[in-house]
1. Just checking, does the range 19-27 include any residue being open to solvent by less than 70 Å² (accessible area, probe 1.4 Å), under 21 Å from the mean Cα position of the chain (by Cα) and not acidic (D, E)?
2. Every residue in the range 1-54 that is among the acidic types (D, E) and more than 26 Å from L81 (Cβ to Cβ), please.
3. Answer yes or no as to whether V32 is over 15 Å from G125 (Cβ atoms) and among the β-branched types (V, I, T).
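The values are calculated or read from the model by the stated rules, or taken from the named source; none is laboratory data. Please read all numbers here as calculations on a predicted model, not as lab measurements. Methodologically, a virtual Cβ is constructed for each residue, glycine included, from the backbone with ideal geometry; neighbour enumeration extends over all protein chains shown. Please note that ligands, DNA and RNA were not included when accessible areas were found on the heavy atoms of the full protein model with its side chains. Shrake-Rupley method; radii C 1.70, N 1.55, O 1.52, S 1.80 Å.
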Amino acid sequence: MKARLALAVAGVALGLWGLRLLFGALEPAALVRRPVWLGGAVLADDFFLVPLTIAVGWLVTRWSAGPDRHRTIGAVRTTFLYVGISSLIAVPLLLRQGTGANPTVLPRDYLRDWLLLEATIVAAGVVWFVVQRSRFTFRRSRASSGDIGGR
């Protein structure tokens, strides 16, 4: 009980210290813009990204419901997962680059690099998909040839 109370007090103290640093570092106009930006991010997430993710997941699930697709769907889902994760990491860099950022801090063309990364991820996913598909076809053809003999 004492440990929980001590952790709660420490957490509240760190939170208050963080608020003091935030209020000291930002001017009042920036303090007003923060909640507006966060509200816009929540709206964009809830009304754009979540429905888009649900739609893509639904399409992939419908596609994977066909015969002999349950073994290869992992490659497609994994590719979507890695594309999504790398895009989430790259978005702040892509947005920051367009605002006239300091060229010594952001000297690279992040849009080109991000597109190359996404193309590499998709190419690796396609290769893995083809490998999974050919392994499944090879196994199925061997199994069906053994059935011809009446075993």
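1. no
2. E27
3. yes
The rows are residues; the columns are (1) modelled with pLDDT under 85; (2) in a helix (DSSP H, G or I); (3) under 21 Å from the mean Cα position of the chain (by Cα).
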position: D45; (1), (2), (3): yes, yes, yes
position: A55; (1), (2), (3): no, yes, yes
position: R71; (1), (2), (3): yes, no, no
position: V83; (1), (2), (3): no, yes, yes
position: S86; (1), (2), (3): no, yes, yes
position: L111; (1), (2), (3): yes, yes, yes
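Each row is one residue, and each column tells you yes or no for (1) modelled with pLDDT under 85; (2) open to solvent by less than 60 Å² (accessible area, probe 1.4 Å); (3) part of a loop (DSSP other than H, G, I, E, B).
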residue	(1), (2), (3)
R62	yes, no, no
T99	yes, no, yes
T104	yes, no, yes
L116	no, no, no
T120	no, no, no
A123	no, yes, no
W128	no, no, no
